[in-house]
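Let me begin by presenting the structure, written as structure tokens, before commenting on it.
The values are calculated or read from the model by the stated rules, or taken from the named source; none is laboratory data. Owing to the predicted nature of the structure, the values given are computational and were not obtained by experimental measurement. Cβ placement follows ideal geometry from the backbone for every residue including glycine, while neighbour counts extend to all protein chains displayed.
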Amino acid sequence: MADINLSKLKAGQTLPTKQEIQRERPPAPVSAAELIEAERIYRRGVISVRDLIAPAALRVDTNFIQLGAKHVRTLFVVTYPRYIAVGWFAPIINFNSPLDIGMFFYPVESKIILKQLKNKVGALEAQILSDAEKGAPRDPIRETALRDIEKLRDDLTQGTERFFQFALYVTLYANSRDELDRLTEKIEGLFGSRLVYSKRALFQAEQGFVSTVPLGLDQLLVTFNMNSSPVASSFPFISSDLTSDNGILYGINRHNNSLILFDRFSLQNANFTVFATSGAGKSYAVKLEILRSMMFGTDMIVIDPENEYKYLSDAVGGTYVSISLNSDSKINPFDLPRAVHGDEKPADIIRSAVITLKSLIRLMLGELTNEEDSIIDRALLETYAKKDITPDSDLATVEPPLMKDFEEVLAGMVGAENLVQRLKKYTEGTFAGLFNSPTNVEVNNQLMVFSVRDLEDELRSIGISMIVSYIWNVARSKLKKRILTIDEAWWLMQNEDSAKFIYSLVKRARKYYLGVTTITQDVNDFLRSPYGQAIVNNSALQLLMKQSPAGIDIVAKTFLLTQSERYLLLEAGVGEGIFFAGAKHAAIKVVASYTEDQVITSDPRQLLEIEEAKKEFEESLARGEVPTTADVR
């Protein structure tokens, strides 16, 4: 304790306490060891970023590691073929499973390599000369190696190539050991198909994992000597180029801003499927394709459920046919192809028509028993025979029967009383005007639009099936390049018979120079149907635009989307998506010129502005004024 001078205390002043004296005393010095220990104790109770991202446990095995619940294995490449194509690594980059890829490039000075290559050339030439002196047969392997080395020496000397030691590692992740083994075999198979030999990191699983995480550490050090060109072919950042020499512009490739040009008739089939939520721009993209395809002379036929194509049809001089109970336009479901293309016999045509009609009648009458199905089959054949339509008839001159004729034949058959009663509403009742009249519609325009907006919901799928059947007969009657667009195709997927018919149409359309475009916003209903899946599989072109969270899982499973592609579809803007053409696909942005946009837009606000501008233009003409282009816009 410090000394206290009592003489300096004033009257009434008390002595300081022990605590006050200790507060005034300077702190004792702390050693460096004590500071380090205090820091260690403090840090033990602080959570860092490393603590947050680190797995709960790590177990190292002979050729894999267990990282928490994940099983991890690393492959390294040891041998490459003599020639390797640009983009050979793309199938592994696009592999539908989590992968980590590590690439390490170690530049080697050219003078060191040139000295080694000089020695190698000398050894090869000496060996070749020795074989020639001994009369041994020539060795093509040595001669090829000599030519390759001489070319490499020239390129290194001229500075057109550089030399590297290149290391390539791939780390796989799986939820179980069996799944990890399956993934490993698939990746090894992909490597092997390119004549690239890979091995598993044995007793170096941890070092392989560290070599592929973003730390920049190469702890495996398994390299292969390469010059610049083959090294560049392994570069992972590539984008699919979907540009062909012929065809129409579908949009802009968002990967590299190139044009996506395609002629759908040049592929294995001309079918096209479009999936998107409402308002994502699917109808806009399809109308743009229709407009541009017409410039190349392709006939377009559209089934329009919501009058979205009316403005387009008026703008290009198309024919707009409204199919409803009160409409003057009629289609007879008993029509047959007139001038039949190919070698099809009349018997085959009649049989095909009966099968199609049975599907339509099932839609009209509901579920049928086996006995009723057999009765309808016989009745349909007799209905055609009643009009002298038999296997020996000339189908170009016959007059097809009507639904009333079918009812009369059915009424004369035993056991068909219930069927006749159910059919009467289509021949005499409320729906008679739609199904019981001769066809008065002619497909004689480059653009034909069939509107079903005014059809009742009960008749919507029946009406669309009848229209598609009629269009199919037209396509079979005359060979011509045509595209049939079915908007809101999920209506037809709700019934097995109509779904089966659309699938049959998609499968056979190529034979008749017909391409079928199916558009839907109800992805779940469409893809969960086995026929919906088959339609996608038989479509060479697909366009996926913005998807809802409820439907993204089944879309990702059907199209084998990666996680980043799932996010792209969930966050896509209007007119953006992924365009598939065969095995290739790329992110797309649908673009249109100002004039095209004015013709194909479906935006109600924009359509109202166009109508107002049109009205102003007509009023100006009525007053004798000549408005300028700027005034119209």
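Worth pointing out:
- G247 being surrounded by 14 or more Cβ atoms within 10 Å (Cβ to Cβ), touching a helix residue (DSSP H, G or I) at 6+ places or on another chain (Cβ under 8 Å) and free of Cβ contacts under 8 Å to residues at least 60 places away in the same chain: yes
- Test for I260: is it closer than 30 Å to A540 by Cβ, of a type in the set (V, I, T) and either in contact with a Lys or Arg (Cβ under 8 Å, 6 or more places away or on another chain) or modelled with pLDDT of 85 or more (or both): yes
- Qualifying residues in the range 46-87 (those that are in contact with a helix residue (DSSP H, G or I) (Cβ under 6 Å, 6 or more places away or on another chain) and closer than 30 Å to R147 by Cβ) - the one surrounded by the fewest Cβ atoms within 10 Å (Cβ to Cβ): V86
- Residues of the range 131-149 that turn out to be under 52 Å from the mean Cα position of the chain (by Cα) and assigned to a helix (DSSP H, G or I), as a count: 10
- Tally, over the range 281-305, of residues that are in a loop (DSSP other than H, G, I, E, B) and within 23 Å of G582 (Cα to Cα): 3
- For the range 470-502, the tally of residues that are crowded, with 21+ Cβ neighbours inside 10 Å, hydroxyl-bearing (S, T, Y) and part of a helix (DSSP H, G or I) stands at 1.
- Residue that is nearest to T520 (Cα to Cα) [pool: residues in the range 274-301 that are within 23 Å of the chain's Cα centre (by Cα) and among the β-branched types (V, I, T)]: V274
- No other residue among L419, L423 is within 23 Å of L455 (Cα to Cα) and aliphatic (A, V, I, L, M) apart from L423.
- Among the candidates E576, E496, E596, residue that is touching a Lys or Arg at 6+ places or on another chain (Cβ under 7 Å) and in contact (Cβ under 8 Å) with a residue 24 or more places away in the chain: E576
- Any chance F203 is touching a residue at least 12 places away in the same chain (Cβ under 8 Å) and surrounded by fewer than 11 Cβ atoms within 10 Å (Cβ to Cβ): yes
Conditions tested, residue by residue: (1) surrounded by 14 or more Cβ atoms within 10 Å (Cβ to Cβ); (2) at pLDDT 75 or above; (3) assigned by TED's automatic domain parsing to the domain that holds L152; (4) touching an Asp or Glu at 6+ places or on another chain (Cβ under 9 Å).
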residue	(1), (2), (3), (4)
L99	yes, yes, yes, no
Y106	no, yes, yes, yes
I113	yes, yes, yes, no
N119	no, yes, yes, no
L129	no, yes, yes, no
E133	no, yes, yes, no
P140	no, yes, yes, no
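- For A280, the conditions (1) out of contact with any strand residue (DSSP E or B) (no Cβ under 6 Å at 6 or more places or on another chain); (2) surrounded by 22 or more Cβ atoms within 10 Å (Cβ to Cβ) are fulfilled apart from (1).
Let's see how each residue does on (1) outside any loop (DSSP other than H, G, I, E, B); (2) at pLDDT below 75; (3) among the aliphatic types (A, V, I, L, M):
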| residue | (1), (2), (3) |
| --- | --- |
| A11 | no, yes, yes |
| E20 | yes, yes, no |
| P29 | no, yes, no |
| D51 | yes, yes, no |
| Y83 | no, no, no |
| N96 | no, no, no |
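- Screening the range 362-375 for residues that are within 42 Å of the chain's Cα centre (by Cα) and either outside any helix (DSSP H, G or I) or touching a residue at least 40 places away in the same chain (Cβ under 8 Å) (or both) and picking the one that is surrounded by the most Cβ atoms within 10 Å (Cβ to Cβ) gives L363.
- Selected residue (only one of V474, V468 is assigned by TED's automatic domain parsing to the domain that holds S327 and under 27 Å from G281 (Cα atoms)): V468
- Subset of the range 535-565 [of a type in the set (D, E) and within 10 Å of the chain's Cα centre (by Cα)]: E565
- All helices (runs of 4 or more DSSP H) inside the range 398-469 with 1 or more residues being β-branched (V, I, T) and within 20 Å of R378 (Cα to Cα): 403-411, 417-427
- Selected residue (criterion: nearest to L544 (Cα to Cα)) from residues of the range 265-297 that are modelled with pLDDT under 90 and polar (S, T, N, Q): T277
- All of I113, I128 fail the test of being in contact with a strand residue (DSSP E or B) (Cβ under 6 Å, 6 or more places away or on another chain), part of a helix (DSSP H, G or I) and more than 24 Å from R194 (Cβ to Cβ), apart from I113.
Results for (1) more than 30 Å from A69 (Cα to Cα); (2) aromatic (F, W, Y); (3) modelled with pLDDT of 90 or more; (4) not assigned by TED's automatic domain parsing to the domain that holds R200, shown as yes or no for each residue.
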position	(1), (2), (3), (4)
R147	yes, no, no, no
L156	yes, no, no, no
F164	yes, yes, no, no
A167	no, no, yes, no
E179	no, no, yes, no
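- Wholly enclosed strands (runs of 3 or more DSSP E) of the range 180-278 bearing at least 3 residues farther than 30 Å from A489 by Cα: 197-200, 224-227
- Exactly one residue out of L267, L261 is surrounded by fewer than 20 Cβ atoms within 10 Å (Cβ to Cβ), over 30 Å from T439 (Cα atoms), touching a Ser or Thr at 6+ places or on another chain (Cβ under 7 Å) and among the aliphatic types (A, V, I, L, M): that is L261.
A quick yes/no check of all residues on (1) in contact with a Ser or Thr (Cβ under 7 Å, 6 or more places away or on another chain); (2) modelled with pLDDT under 75; (3) of a type in the set (D, E, K, R); (4) crowded, with 17+ Cβ neighbours inside 10 Å:
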residue: I535; (1), (2), (3), (4): yes, no, no, yes
residue: Q542; (1), (2), (3), (4): yes, no, no, yes
residue: D553; (1), (2), (3), (4): no, no, yes, no
residue: E565; (1), (2), (3), (4): no, no, yes, yes
residue: F579; (1), (2), (3), (4): no, no, no, yes
residue: R605; (1), (2), (3), (4): no, no, yes, no
residue: A622; (1), (2), (3), (4): no, no, no, no
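Condition check ((1) among the acidic types (D, E); (2) in contact with a Phe, Trp or Tyr (Cβ under 8 Å, 6 or more places away or on another chain); (3) not assigned by TED's automatic domain parsing to the domain that holds D497) across all residues:
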position	(1), (2), (3)
D525	yes, yes, no
Q547	no, yes, no
I552	no, no, no
L560	no, no, no
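- Candidates L152, L180: the one that is under 47 Å from the mean Cα position of the chain (by Cα), hydrophobic (A, V, I, L, M, F, W, C) and under 26 Å from Q219 (Cβ atoms) is L180.
- K386 being basic (K, R) and free of Cβ contacts under 8 Å to residues at least 40 places away in the same chain: yes
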